[in-house]
Amino acid sequence: MENDLKDALAARLLAMGDDEAILGHRDSEWCGHAPILEEDIAFANIALDEIGHAQVWYALHAELLGEDAASYPDELVYRRSAGAFRHAPLLELPKGDWAFSMLRQYLFDLYESVMLAKLADSQNESIAGAAIRIGREEIYHRRHTQTWVRRLGLGTEESNSRMQTALDALWPHVMELFRPLSGDATLIEVGILPNLGDVQTVWEAAIRPWLTESNLAIPEAIPSNYTRTHHTKHLATLLDDLQEVVRLYPEGSW
Amino acid sequence: MVAPMLTEKELWRVLEDVKDPEIPVVNLVEMGIIRSVTREDERVTVIITPTFTGCPALHTMQGDIATRLKQAGFSDVKVTVTLSPAWTTEWITEEARAKLKDFGLAPPPRHTGDFELVLVESAACPYCGSHNTRINNTWGPTPCRILYYCDHCQQGFEQFKPL
C-alpha cells in the first residue's frame, strides 16, 4: 500500500475507534445509575458493545502500523494525551441527564448504521467484514434508542422539555461526525471510504422525520467550533478518570 | 515432545470438549464459534469468531481451546480471531438448539438474514412452550441474551438473541 493511502487509512481507523471508545466510556458512566434496573443492564451492554467495536477498529489500525493488534488498543486508550484523540467532540460531552445520553446515543447509532451499511461495500476487505459484523449489533442499539427518543419526546411535558434541551445542545455538534479528515479524499477515491456528504444525506433523511414525529423541534444548523482535532475541555476530565489507574501504576498489569 | 498423530477430523472431536464459558451445556463447535482447525506438522491453528464483538468470554474461549489441545499433546497451538464472515445464530446446530432449550434458554429464532423481522414474533417459553410471552429487555446478563416474560407460566426466561 502506498504511504499516503496507508496514513489516510490509519487516521480514519483511529477516528472510528476513538468514536466508539469515548462514547462507550461515557455510556459506561451510567452503570449503576440508570433510572431503572432493566435500563441499567441494557445501557451497560450497549457500552460494552461500543468498546468491543473500538477494539475492532483499533486492531485494524494496529495491523496497518505493524503493531500488535492485541496490546496496542490498550496503549491507544490508556497512554495517549487528549490532543492525540480523533473522535468527534460530540461524544466526549458529559453524560448529562437520561434524555441527553439517549439522544446522543441515537444520533450516533443512526450515523454509525448509515456509515457501516456503506462500509460493507468497502474495497478494503477487512473493513467490509468488520462493518457487516458490527452493523448487525447496531440494529439492536438503534431499535432501543429510537424508542427512548420517541417515548420521552411524546411523554410528559417534563420529558419532552428535557429532550428538547438535549437536542438544542447536541445538534450543533452532530456536524462534527461528517466533517472529513485530511486524508479522507484519498480513501474515497479508491473506494475504501464512502463520501461523508452522502452519509449525512441518508442520515438526515432518516433522523429529521423521527425527531419531528417525536414532537421535537430541530434547531437551526449552527456548527460547533470543535472538530476531531480540536476538543472541548471535557476530554481532559474524561481522560483523568479513564486513565487514572494507569497513570498511578504505569507498570501495573491485570 | 512429538505431537500426536491426530487427523483434522479427530481434532474437531477433541475441540467438542471445549464448552461455551457462559452456557456450559453447549460446546464451541456446535455453536459455530470454531471456524477452522488446521494442522501443519507440530502446529495446530484454530480460528474462532466471536458471537458479539465485545463478547467478554472471548479470551476465556481462546485459553480453553489452547488448554484442551495441550492436554491432547499439542504444545504449539495458535488460536486466532476472525470477524469475517460474521457469526450468525443460523450456525448453531439443531442439537445445540435442543440443549439450549433444555438449559432454559430459548433458542434463537430461525431467520434468513433479516433478523429484525423475527424479533416481532413472540418466543416460545422454554419451560411451558407457550407463545404468550413478551420482551422485557433486549439485553440480559450478557449481550447475546434477550429477557422475556411468560404470561402463561408467569416466569421470566432468556432467549438467545437472533443475529
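The values are calculated or read from the model by the stated rules, or taken from the named source; none is laboratory data. Because the structure is a prediction, the values reported are computed rather than measured. A quick note on method: Cβ atoms are made from the backbone with ideal geometry, for glycine too, and the neighbour counts reach across all protein chains shown. We work out accessible area using only protein heavy atoms, side chains counted, and drop any ligands, DNA or RNA first. Shrake-Rupley method; radii C 1.70, N 1.55, O 1.52, S 1.80 Å.
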Among the residues of the stretch A:21-40, the number that are without any contact (Cβ under 8 Å) to a residue 60 or more places away in the chain, on the phi < 0 side of the Ramachandran plot and out of contact with any Gly (no Cβ under 7 Å at 6 or more places or on another chain) is 8
Filter the stretch A:20-32 for residues that are in a helix (DSSP H, G or I) and in contact with a helix residue (DSSP H, G or I) (Cβ under 6 Å, 6 or more places away or on another chain); which is surrounded by the fewest Cβ atoms within 10 Å (Cβ to Cβ)? A:SER28
Considering only helices (runs of 4 or more DSSP H) wholly within the stretch A:157-218, the ones with at least 2 residues that are in contact with a Ser or Thr (Cβ under 6 Å, 6 or more places away or on another chain) are A:157-178
Specify the residue that is surrounded by the fewest Cβ atoms within 10 Å (Cβ to Cβ); the eligible residues are those in the stretch A:133-174 that are more than 17 Å from the chain's Cα centre (by Cα) and within 14 Å of chain B (Cβ to nearest Cβ). A:THR147
Select, from A:LYS95, A:LYS6, the only residue that is closer than 26 Å to A:ARG142 by Cα, open to solvent by 20 Å² or more (accessible area, probe 1.4 Å), modelled with pLDDT of 95 or more and of a type in the set (Lys, Arg). A:LYS95
Out of all the residues in the stretch A:73-92, which are touching a His at 6+ places or on another chain (Cβ under 8 Å) and crowded, with 19+ Cβ neighbours inside 10 Å? A:LEU76, A:PHE85, A:ALA88, A:PRO89, A:LEU90, A:GLU92
Could you say whether any residue in the stretch A:46-55 is acidic (Asp, Glu), within 14 Å of chain B (Cβ to nearest Cβ) and open to solvent by less than 10 Å² (accessible area, probe 1.4 Å)? yes
If you scan the stretch B:13-42, which residues turn out to be over 18 Å from B:ASP76 (Cβ atoms) and open to solvent by 70 Å² or more (accessible area, probe 1.4 Å)? B:ARG13, B:GLU16, B:ASP17, B:LYS19, B:PRO24, B:ARG35
